[in-house]
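Read the structure below first, then the notes.
The values are calculated or read from the model by the stated rules, or taken from the named source; none is laboratory data. The shown structure was predicted, so the numbers you read here are calculated from the model rather than taken from an experiment. Heads up, the Cβs are rebuilt from the backbone with ideal geometry, glycines too, and the neighbour counts pull from every protein chain shown.
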Amino acid sequence: MGHIADNLAAVRARIDKACRDAGRDPADVRLLPVSKTQRPEAIEEAYAAGIRLFGENKVQEVADKAALFADKPDLDWAVIGHLQTNKAKVVAQVATEFHALDSAKVAEALDRRLDNAGRDLDVFLQVNSSGEESKFGLDPDDVEQFAKSMRQYRSLRVRGLMTLAVFSDDAAEAAACFARMQELQRRLQSTDLAAGSYSELSMGMSGDFELAIAYGATTVRVGQAIFGARQEPDTYWSA
Ligand SMILES: *Cc1c(COP(=O)(O)O)cnc(C)c1O
C-alpha cells in the first residue's frame, strides 16, 4: 500500500473510533477526501485505494482535474468552497455535490444551469456557525427562511447543512460551532420543509473531525490527514 492508502485506513479507523465513542454507527459517517492543491498522482493513488468522490474548493482547479480524469466516469467531484455566480456553469457541469450554498443568487444561477444541462446537484447550505467576519455562510438566524426558499429550485437536492468551525486551540470553541449546527438541524427537521430532509451535516476537517462526529457530522471533509501538506497553489499540477 502507498502512503495515501495507509492514511485513508488510519483516518477511517479514527472515524470508527469517534463513532463508537459517540454511540453512532460508522456507516452513518461518510469520508469526503479533499484533494485541493494535490497533484493528479495523489488522486490516482486515492482512486486506486477505492475513493470515487473528491472535494475541491476552487472552480478552475476542479474543472482542470475533471478534464484530466474524464476517462474515469465513476470519479465524482464535490465543490466545497465559496462560489461566485459567474462560475456556476462549471459547477453545474462537473460537480455532483456542492457544499457551500449560501445565497439566492448562486442557487438561482446553479438551478438555471443545471436545468439547461438536464442535471441535478446535491447541495448543502453553508452556515457561518462561528460568526467570524472572514467566513462565508448564512447567518444561523437566516437559515430557516433560506431553507424554505429552496423549494423553488427543481434541480437542487438539499441534503443538509455545512460549516467550518472556528480555528482554535480551544476545542470548546469548535464544539460550540458544531453544537449550534446540530441544534439548527433539529430545528429545521421539526419544521415543514418540503425541499430536503436536512438529514446531513457536512462538518469536520483534519483537525476537528472527531469532535464534529460527536456532534452529529454525517460527512467529514478531510484533506491533509490523507494527502499530507497542501501543495503550492501555483504548482498543484504541472501538466
Ligand atoms: C480544505 C478544506 C477542508 C479540508 O481541510 P484539511 O485541514 O486539509 O482537512 C475541508 N473543508 C473545506 C471547505 C476546505 O476548504
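Kindly indicate whether any position in the stretch 101-120 is within 17 Å of the chain's Cα centre (by Cα) and over 24 Å from Lys148 (Cα atoms).
Our first condition is that a residue be within 17 Å of the chain's Cα centre (by Cα); within the stretch 101-120, this holds for 101-103, 106-107, 110, 120.
Of the ones still in play, those that are also over 24 Å from Lys148 (Cα atoms) are none.
No, that holds for no residue.
Would it be correct to say that Ala92 is at pLDDT 95 or above, farther than 15 Å from Thr219 by Cα, outside any loop (DSSP other than H, G, I, E, B) and within 16 Å of the ligand (Cβ to nearest atom)? Give the steps one after another, and end with the answer.
Values: at pLDDT 95 or above: yes; farther than 15 Å from Thr219 by Cα: yes; outside any loop (DSSP other than H, G, I, E, B): yes; within 16 Å of the ligand (Cβ to nearest atom): no.
Considered against the rule, which asks whether it is at pLDDT 95 or above, farther than 15 Å from Thr219 by Cα, outside any loop (DSSP other than H, G, I, E, B) and within 16 Å of the ligand (Cβ to nearest atom), Ala92 comes out as no.
Could you run through the stretch 45-86 and say how many residues are of a type in the set (A, V, I, L, M, F, W, C), part of a loop (DSSP other than H, G, I, E, B) and in contact with a Gly (Cβ under 8 Å, 6 or more places away or on another chain)?
Kept after step one, since they are of a type in the set (A, V, I, L, M, F, W, C), are these residues of the stretch 45-86: 46, 48-49, 51, 53-54, 59, 62-63, 66-70, 75, 77-80, 83.
Restricting the remaining residues to those that are part of a loop (DSSP other than H, G, I, E, B) gives 49, 51, 69-70, 75, 80, 83.
Adding the requirement that they be in contact with a Gly (Cβ under 8 Å, 6 or more places away or on another chain) leaves 49, 80.
The number of residues fulfilling the criteria is 2.
Is it true that some residue in the stretch 200-223 is more than 16 Å from the ligand (Cβ to nearest atom) and over 30 Å from Ala49 (Cβ atoms)?
no
Give the residues of the stretch 138-163 that are within 16 Å of the ligand (Cβ to nearest atom) and among the charged types (D, E, K, R), sorted by residue number. Break it down stepwise before answering.
Taking the stretch 138-163 as the starting set, the residues that turn out to be within 16 Å of the ligand (Cβ to nearest atom) are 138, 159-163.
Arg159, the sole residue that qualifies.
Can you tell me which residue in the stretch 9-42 is nearest to the ligand (Cβ to nearest atom), limited to those that are of a type in the set (A, V, I, L, M, F, W, C) and part of a strand (DSSP E or B)?
Initial filter on the stretch 9-42 (of a type in the set (A, V, I, L, M, F, W, C)): 9-11, 13, 15, 18-19, 22, 27, 29, 31-32, 34, 42.
Narrowing the set further to residues that are part of a strand (DSSP E or B) leaves 31-32, 34.
Working: Leu31: 11, Leu32: 8, Val34: 4 Å.
Only one residue fits best here, namely Val34.
Using the structure shown, decide if Ala88 is farther than 21 Å from Glu210 by Cα and under 17 Å from the mean Cα position of the chain (by Cα).
On the way: farther than 21 Å from Glu210 by Cα: yes; under 17 Å from the mean Cα position of the chain (by Cα): yes.
Answer is yes for this residue.
Is there a residue being more than 19 Å from the chain's Cα centre (by Cα), crowded, with 17+ Cβ neighbours inside 10 Å and small (Gly, Ala, Ser) anywhere in the stretch 49-59?
yes
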